[in-house]
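Presented below is the structure to which this report refers.
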Amino acid sequence: MISLSDFVTGPLRPVAVARKHQQTGRRGLLQIRKRSGTPQVRWPYTREFRWPSAWTRLAAHLDFATAAVTTARELYEVRGDTHGQAVAWNNTGITLQDLGRYDEALAAHATARELYEAAGDTNGQAVTANNTGITLQDLGRYDEALAAHATARDLNQAAGNTHSQAITWNNTGTALRALHRHGEAVAAGRRAAEAFESFADFTRAGEALGELATSLEAGGAGADEVRSTWLRSAGAYDRAGATVKRDESRAKAEAVGSAAG
């Protein structure tokens, strides 16, 4: 880990260095997700790697990201930048979640939310509430996750952030599906997918439509509806230029058709 004393005596002010390390950690996380094919709406890891050393490499990148955001957090604290600390704690929580250290991730997100509240940032509070819900889902605590996502939606509504509301509706749908509340999961998924389509956010629309198709199938919907939803997902990905994801959705649509036939 890079120690705090390496930076506070240098030519850059702490806040400038903190931002640099915040960006370094964030870039590291984005690279990890890009390489592992991780979706953007919910961000679970896809644990299907083709090389035996993949997890070793992934852990190394995550350790680097953890060190970067920890350094940023310490430097923001030196500066007395409450909002910067909140962002860094949120990124710390995401990194810990990706490492499977879920209890620590929950604590980090709770700290981030308190700091966002102190800074008067409603959007930030919503982000951490949503991330808390994702972590709770990873722990299988779906009822608590639903409450966290509902809090995030309320905060997003208060902030007038309709795009982020759509993200929380998607995540609400995945939690409801895990609880076998399929009708509600489908309703939440439709809200998310339609919102993303209306925003022309076709990558997230493709993801949300994929989740919707999964909920429809889990709830016993007809093959035609499930297949058409997967094809809508493929179409959204195609518009986003996400050809790999497009082909995956098309393959799933074809699989539904084959099973029905």
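Could you identify the single residue in ALA105, ALA112, ALA148 that is free of Cβ contacts under 8 Å to residues at least 24 places away in the same chain, farther than 23 Å from ALA205 by Cβ, assigned by TED's automatic domain parsing to the domain that holds ALA72 and surrounded by 22 or more Cβ atoms within 10 Å (Cβ to Cβ)? Step through it out loud before you land on a result.
Working: ALA105 fails: free of Cβ contacts under 8 Å to residues at least 24 places away in the same chain; ALA112 fails: free of Cβ contacts under 8 Å to residues at least 24 places away in the same chain.
Checking each option against the conditions leaves just ALA148.
Give region 151-193 a look and list any residue that's more than 19 Å from the chain's Cα centre (by Cα), within 24 Å of GLY219 (Cβ to Cβ) and in a helix (DSSP H, G or I), or say none.
Across region 151-193, the qualifying residues are HIS182, GLY183, GLU184, VAL186, ALA187.
Could you grab me the full set of residues in region 87-122 that are over 24 Å from ARG141 (Cβ atoms) and in a helix (DSSP H, G or I)? Spell out how you get there, then give the answer.
Restricting attention to region 87-122, the residues satisfying the condition of being over 24 Å from ARG141 (Cβ atoms) are 87-88, 118-122.
Result: VAL87, ALA88, ALA118, ALA119, THR122.
Filter region 77-86 down to residues that are in a helix (DSSP H, G or I) and of a type in the set (D, E, K, R) and give me whichever is farthest from ASN171 (Cα to Cα). Break it down stepwise before answering.
The first filter runs over region 77-86 and keeps only residues in a helix (DSSP H, G or I), leaving 77-79, 82-86.
Restricting the remaining residues to those that are of a type in the set (D, E, K, R) gives 77, 79.
Working: GLU77: 32, ARG79: 35 Å.
Among residues in region 77-86 that are in a helix (DSSP H, G or I) and of a type in the set (D, E, K, R), the one farthest from ASN171 (Cα to Cα) is ARG79.
The values are calculated or read from the model by the stated rules, or taken from the named source; none is laboratory data. Because the structure is a prediction, the values reported are computed rather than measured. Please note: Cβ atoms are built from the backbone with ideal geometry, for glycine as well, and neighbour counts cover all protein chains shown.
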